[in-house]
1. Among helices (runs of 4 or more DSSP H) lying entirely in region 260-361, which contain 2 or more residues that are among the aromatic types (Phe, Trp, Tyr), buried (at least 18 other Cβ atoms within 10 Å of the Cβ) and at pLDDT 90 or above?
2. Sort out which residues of region 382-407 are of a type in the set (Phe, Trp, Tyr) and open to solvent by 100 Å² or more (accessible area, probe 1.4 Å), and write them in order of number.
3. What number goes with the only condition from (1) under 24 Å from the mean Cα position of the chain (by Cα); (2) surrounded by fewer than 16 Cβ atoms within 10 Å (Cβ to Cβ) that residue 452 does not pass?
4. Kindly provide the set of residues from region 45-54 that are free of Cβ contacts under 8 Å to residues at least 24 places away in the same chain and exposed (fewer than 14 other Cβ atoms within 10 Å of the Cβ), ordered by number.
5. What residue, of 445, 370, 435, is farther than 18 Å from residue 228 by Cα, surrounded by 11 or more Cβ atoms within 10 Å (Cβ to Cβ), out of contact with any His (no Cβ under 9 Å at 6 or more places or on another chain) and free of Cβ contacts under 8 Å to residues at least 24 places away in the same chain?
6. Hey, does region 234-241 have a residue that's part of a helix (DSSP H, G or I), open to solvent by 10 Å² or more (accessible area, probe 1.4 Å), farther than 24 Å from residue 432 by Cβ and in contact (Cβ under 8 Å) with a residue 60 or more places away in the chain?
7. Report, by residue number, each residue of region 205-221 that is open to solvent by less than 20 Å² (accessible area, probe 1.4 Å) and not aliphatic (A, V, I, L, M).
8. Here are some conditions: (1) modelled with pLDDT of 90 or more; (2) over 24 Å from the mean Cα position of the chain (by Cα). Residue 64 meets all but one. Which one does it not meet?
Amino acid sequence: MLFHSITFAVFLTAAFILYHIVPVRFRWIFLLGASYAFYMNLHAAYGLLLFFTTVLTYLLALFLENAPDQAKKKHCLLGGVLSLVGILLLFKLGAPVVDRINAMIDTGRLSLQPLTLRILLPAGVSFYFFQSMGYLIDVYKGKIRAERHFGYYALFVSFFPQLLAGPIGRADALLPQFKRERRFDYKGVTYGLKLMAWGYFKKLVIADVFAATVNKVYDNAHSYVGLVFIIVTVMFAIEIYCDFSGYSDIAIGCAKLFGIELTTNFKSPYLSFSIKEFWSRWHISLSTWFRDYVYISLGGNRVPKWRNCLNLLITFLVSGFWHGSSLTYILWGAIHGVLQIVETFLYPKTRRGEPVTRKKHWWQLPVTFVLLCFTWIFFRANTIQDAFWIISRLFWDIGRPINYLKTAAICLDMPYLSMLGMLLSAAVLFLYDLVSLKQDVIGLVSRQIGPVRWSVYVLLLVATALFSYKGIATEFIYFQF
């Protein structure tokens with residue numbers, strides 16, 4: 001069920017009420033059952049894969065902790081990681097292969113009966129696979145002990161607010177919370193509801209509304225030229241940020257209703273002064289996962305300079321491939337890897353590995369944002385040919401500024417009120433992110449006098465109800481990964 005559906009609203013309300021009615025010692029059982037019900041509502045078979053992953057990693061972790069020697073530990077970890085990666089590759093690569101074969105059959109290029117096999121990519125599979133894989137590696141390294149209680153571990157893997165798209169939890173932070181006795185916390189619950197409301201605003205009022213225009217242009221790229229590509233690429237940068245951070249806000253707020261604290265996943269990423277800083281603020285749980293379990297495992301920065309650059313490139317190539325096997329994603333990851341390498345020379349470190357302190361200049365913000373938007377072209381384009389078409393025609397007819405602007409206006413074909421609404425919503429987003437650099441915005445609003453804070457709440461809810469995209473509710477972008 002989608003977070004922004006009536007079904008989920010009913011499910012969450014019922015789960016919240018029943019959770020606080022159930023005796024404290026049985027609440028973990030209730031949450032586990034609710035999590036499986038939530039996931040299997042999408043597809044009944046998904047529960048089998050989730051349960052298999054849980055059993056496999058639970059048993060492997062116990063063996064890792066009790067293995068008689070280091071060699072057997074390594075073999076066990078390698079077997080577990082390869083099993084999870086292999087299953088993930090099957091789902092990510094299997095479906096496109098089957099679709100391609102069926103397409104060839106339909107066009108008569110293969111004289112076979114149509115294949116009925118369809119490999120479904122289970123929603124959220126990458127996220128709980130990574131969470132389970134990180135748990136295994138942490139047990140192997142001795143950072144945590146293997147969890148003996150199967151029920152608590154099963155809840156760690158399947159906790160429904162974060163199941164579909166994170167934030168990816170770490171066992172040392174999340175597992176103890178499921179074991180702790182939790183009482184009803186009014187402040188925590190109300191804070192969670194406010195955070196969810198802000199997440200819904202970002203998803204429904206900004207991401208989905210922007211997506212309508214972005215999809216129109218990017219899905220018919222060869223029908224457009226010029227300034228319109230720059231405009232919709234900036235719109236996509238805002239769309240994907242609001243879509244994914246909106247999900248994270250809803251997930252974190254939802255978890256707070258049950259007394260669980262999830263890790264922060266976004267910290268005003270477009271207010272970064274460098275690509276490296278961007279990745280410390282964007283999808284933090286996944287970027288730190290790649291840092292800790294891929295980059296550092298390859299040697300990190302404790303190796304010669306050339307090897308460190310190679311480690312950066314490999315890490316971002318893996319990140320690109322994780323998003324999809326399409327060449328567009330691979331190239332997106334490669335460009336980010338190259339940009340990170342360039343920054344290692346622009347921003348050198350001391351002998352102790354600490355960054356050399358440099359004054360941040362205002363121009364670094366727009367430059368970083370422009371570079372990020374350039375990489376988003378590859379991420380959003382349907383094909384690599386579309387991506388290069390867009391790049392080659394960004395400045396088409398710019399020598400005639402009036403025509404350049406007029407063509408964009410014609411291509412967008414948007415009412416002035418719609419454009420004004422988009423600009424206002426983007427301004428609200430920017431203001432929120434700017435203030436959040438210094439303090440917690442929701443906490444700040446909550447401390448205001450009644451008329452002020454309730455005016456903000458009502459405006460947020462009314463705006464979400466009135467200005468959200470009217471049509472079929474769209475899935476969150478990262479569900480496909």
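The values are calculated or read from the model by the stated rules, or taken from the named source; none is laboratory data. The model shown is predicted, which means the values in this text are computed figures rather than measured ones. We place every Cβ from the backbone using ideal geometry, glycine too, and count neighbours over all the protein chains shown. Remember, those area values only see protein heavy atoms, side chains included, never the ligands or the DNA or RNA. Shrake-Rupley method; radii C 1.70, N 1.55, O 1.52, S 1.80 Å.
1. Counting at least 2 such residues, we get 275-279, 284-290, 327-346.
2. The answer is 388, 395, 396.
3. Of the numbered conditions (1) under 24 Å from the mean Cα position of the chain (by Cα); (2) surrounded by fewer than 16 Cβ atoms within 10 Å (Cβ to Cβ), the odd one out for residue 452 is (1).
4. 48, 52
5. Only one candidate qualifies: 435.
6. For region 234-241, residues part of a helix (DSSP H, G or I), open to solvent by 10 Å² or more (accessible area, probe 1.4 Å), farther than 24 Å from residue 432 by Cβ and in contact (Cβ under 8 Å) with a residue 60 or more places away in the chain: absent.
7. Across region 205-221, the qualifying residues are 208, 210, 213, 218.
8. (1)
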